[in-house]
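Notes follow once the structure below has been shown.
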Amino acid sequence: MCAIVGVYGAKNAAKIAYYALFAMQHRGQESTGISTADGDRIHLIKKRGLVTEVFDEPSFELLRGNCAIGHNRYSTAGADSVLDAQPVFARYKLGEISVAHNGNLVNKYEVRNRLIDNGAIFQTGMDTENIVHLIAKSQKDALVDRIKDMLTKIEGAYCLAIQSRSKMFVIRDRFGIRPLSLGRLKDGGWIIASETCAFDLVGAEFIRDVRPGEMLIFEEGQEPQSEQIFEPDFHPCAFEYIYFARPDSIIDGKNVYQARLQMGRMLAKESPAEVDLVLPVPDSGVAAARGYAEGLGVPFEMGIVRNHYVGRTFIEPTQEIRDLKVKLKLSPIRHLIEGKCIAIIDDSLVRGTTSKQIVKMLLEAGAKEVHMRIAAPEIKYPCRYGIDTPTMEELISSSHSVEEIAQMIGATSLGFLSVEGLVEALGSERTYSLVSFDGNYFAGGNANSFGCADDC
Ligand code: 5GP
Ligand code: MG
């Protein structure tokens, strides 16, 4: 998973992109980058690290121009090269180009192998490089036609911001799997961003979501032009609402916090528990836990405190002191918990590691019973569309029943939201991407194809 931003027609485009990326830091912490175009040249800074670590005042002297695109990359195991940071910049026949991508292309190896057979060389494992190659190799004359040509050759989930020396192109795949919105800047100019929380920080007015299959073209002195490239087949990702997005964002007309509240209420209907108290796993379980407590009519307490200073630089504890890891981050308020029957709510269960440690922590703090409730269905299949879920073997729900998992994590009981319940909570007027739960790989790929560790 990643974040992208694009700013066009603004004097301080790089600064605006910087703040937008800062607001979207939750979507990726491994590396970040901004490229700007000043009409003559593209300038680029990208590095491993957080937005506040990578850019400083001198960065903005270099990042000149009124068009900026930017990217936050999600931290994934193994990929630790600065080369894997985005945007990806290249020089080709028509000049300079820079590309930022959020998503995952399911046919990336086929495309790459074909390109390599034809003599192309690659610097990274990222599918974003495929995009640059496909544009560079297209036989069309104009950049816009080369981009359209490239789009016929890629499959999967993508939101793209593409920059030349004077224009910006923004594209959302025809399924609209990843979110992307358009806003207007107060002092003139336009912004696109993966999440609307970026608009709130830079004071932009939300205009609308980019439509599935739509391309927006930004040119000097013109309103953005819209072109519907593909017939839409809308399948927005349910996991954005469950876990990924920030609660203050509005994705395709739905506020993420409200959606989570509703999932919690639905969970209370489907999987109630006789408890004294409802606690969230902070921070990701808070909204759902509020909804769950409200649904049951049971008090809600922030009974687990989260230490926000556990950063990326934290040294992984050794195997023997593994418990320390969760204790560094989360700590129970013993006097709230002692002697009580507790329902503890998390947004999702992936490998089961977090739940196991939290149940243990609550029991050690004196809880009489610990009923774990998950405000999402069982994750049985790896997502191939940009959520970095692990392989089938690592997904505990793909090989174990609810009862077995309850035992493994040591909970008194365990309950998940049903797929139907999730859809009802989100609003059944849409067909969501539920691939992690139902294994319907509607946009290509399958459970056994490569993961997305390089790209999302
Ligand atoms: P588990 O411990 O079962 O492997 O993971 C469940 C926890 O991971 C939940 O607390 C959930 O909030 C969090 N989670 C779910 N999806 C993701 C993700 O894509 N990235 C990260 N870092 N955490 C996730
Ligand atoms: Mg969590």
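The values are calculated or read from the model by the stated rules, or taken from the named source; none is laboratory data. Note that the coordinates shown come from a computational prediction; the quantities given were computed from them, not determined experimentally. For neighbour counting, all protein chains shown are included, and Cβ atoms are generated from backbone atoms with ideal geometry for every residue, glycine included. Calculation scope for accessible area: heavy atoms of the full protein, side chains included, ligands and nucleic acids excluded. Shrake-Rupley method; radii C 1.70, N 1.55, O 1.52, S 1.80 Å.
Within segment 249-268, can one find any residue that is of a type in the set (K, R), touching a Gly at 6+ places or on another chain (Cβ under 6 Å) and under 15 Å from L422 (Cα atoms)?
Yes.
Sort out which residues of segment 259-268 are of a type outside the set (G, A, S) and out of contact with any Pro (no Cβ under 9 Å at 6 or more places or on another chain), and write them in order of number.
Across segment 259-268, the qualifying residues are L261, Q262, M263, R265, M266, L267.
Could you list, in sequence order, all residues of segment 236-252 that are at negative phi and open to solvent by less than 20 Å² (accessible area, probe 1.4 Å)?
P236, C237, A238, F239, E240, Y241, I242, F244, A245, S249, I251
Considering only residues that are touching a His at 6+ places or on another chain (Cβ under 9 Å) and free of Cβ contacts under 8 Å to residues at least 24 places away in the same chain, which ones fall in segment 111-149?
R112, L115, A120, F122
Which residue pairs have Cβ atoms closer than 6 Å, lie 6 or more positions apart in sequence or on different chains, and pair a first residue in segment 274-286 that is at pLDDT below 95 with a second residue that is part of a loop (DSSP other than H, G, I, E, B) and near ligand 2 (Cβ under 8 Å from one of its atoms)?
Pairs found: S284/D347.
Can you tell me which residues in segment 325-350 are within 16 Å of ligand 2 (Cβ to nearest atom), open to solvent by 60 Å² or more (accessible area, probe 1.4 Å) and in contact (Cβ under 8 Å) with a residue 60 or more places away in the chain?
Those that are within 16 Å of ligand 2 (Cβ to nearest atom), open to solvent by 60 Å² or more (accessible area, probe 1.4 Å) and in contact (Cβ under 8 Å) with a residue 60 or more places away in the chain: none in segment 325-350.
Away from ligand 1 (no atom under 14 Å from the Cβ), modelled with pLDDT of 95 or more and in contact with a helix residue (DSSP H, G or I) (Cβ under 8 Å, 6 or more places away or on another chain) - does that describe any residue in segment 303-322?
yes
Hey, among A90, A3, A20, which residue is in a strand (DSSP E or B), at pLDDT 95 or above and under 18 Å from C159 (Cα atoms)?
A3
Of R290, R246, which residue is away from ligand 2 (no atom under 14 Å from the Cβ) and under 27 Å from L328 (Cβ atoms)?
Sole residue among the options that is away from ligand 2 (no atom under 14 Å from the Cβ) and under 27 Å from L328 (Cβ atoms): R290.
Quick check on my filter: what residues within segment 338-354 are under 28 Å from Q258 (Cβ atoms) and either more than 11 Å from ligand 1 (Cβ to nearest atom) or modelled with pLDDT of 95 or more (or both)?
Within segment 338-354, I342, A343, I344, I345, D346, D347, S348, L349 meet the criteria.
Name the pairs: first residue in segment 187-208 and under 18 Å from H71 (Cα atoms), second residue among the basic types (K, R), Cβ to Cβ under 8 Å, at least 6 apart or on different chains?
W190/R184; I191/R184; S194/R27; S194/R178; E195/R27; E195/R246; C197/R246
Of the residues in segment 250-287, how many are of a type in the set (S, T, N, Q) and within 15 Å of ligand 1 (Cβ to nearest atom)?
Of the residues in that region, 1 qualify.
I'd like the full set of residues that are open to solvent by 60 Å² or more (accessible area, probe 1.4 Å), more than 21 Å from the chain's Cα centre (by Cα) and in contact (Cβ under 8 Å) with a residue 24 or more places away in the chain, limited to segment 209-231.
E220, E231
For residues that are β-branched (V, I, T), open to solvent by less than 40 Å² (accessible area, probe 1.4 Å) and within 16 Å of ligand 2 (Cβ to nearest atom), tally how many sit in segment 351-385.
4
For the subset of segment 413-433 comprising residues that are open to solvent by 20 Å² or more (accessible area, probe 1.4 Å) and in a loop (DSSP other than H, G, I, E, B), which member is nearest to A375 (Cα to Cα)?
S418
If you go through segment 184-196 one residue at a time, how many are buried (at least 22 other Cβ atoms within 10 Å of the Cβ) and either over 22 Å from V51 (Cβ atoms) or of a type outside the set (F, W, Y) (or both)?
6
If you scan segment 424-444, which residues turn out to be touching a residue at least 24 places away in the same chain (Cβ under 8 Å) and over 13 Å from F239 (Cβ atoms)?
Of everything in segment 424-444, those that are touching a residue at least 24 places away in the same chain (Cβ under 8 Å) and over 13 Å from F239 (Cβ atoms) turn out to be E424, A425, G427, R430, T431, G439, Y441, F442, A443, G444.
Restricting attention to segment 434-453, does a residue exist that is open to solvent by less than 20 Å² (accessible area, probe 1.4 Å), within 11 Å of ligand 1 (Cβ to nearest atom), of a type in the set (A, V, I, L, M) and at pLDDT 95 or above?
No: segment 434-453 contains no residue that is open to solvent by less than 20 Å² (accessible area, probe 1.4 Å), within 11 Å of ligand 1 (Cβ to nearest atom), of a type in the set (A, V, I, L, M) and at pLDDT 95 or above.
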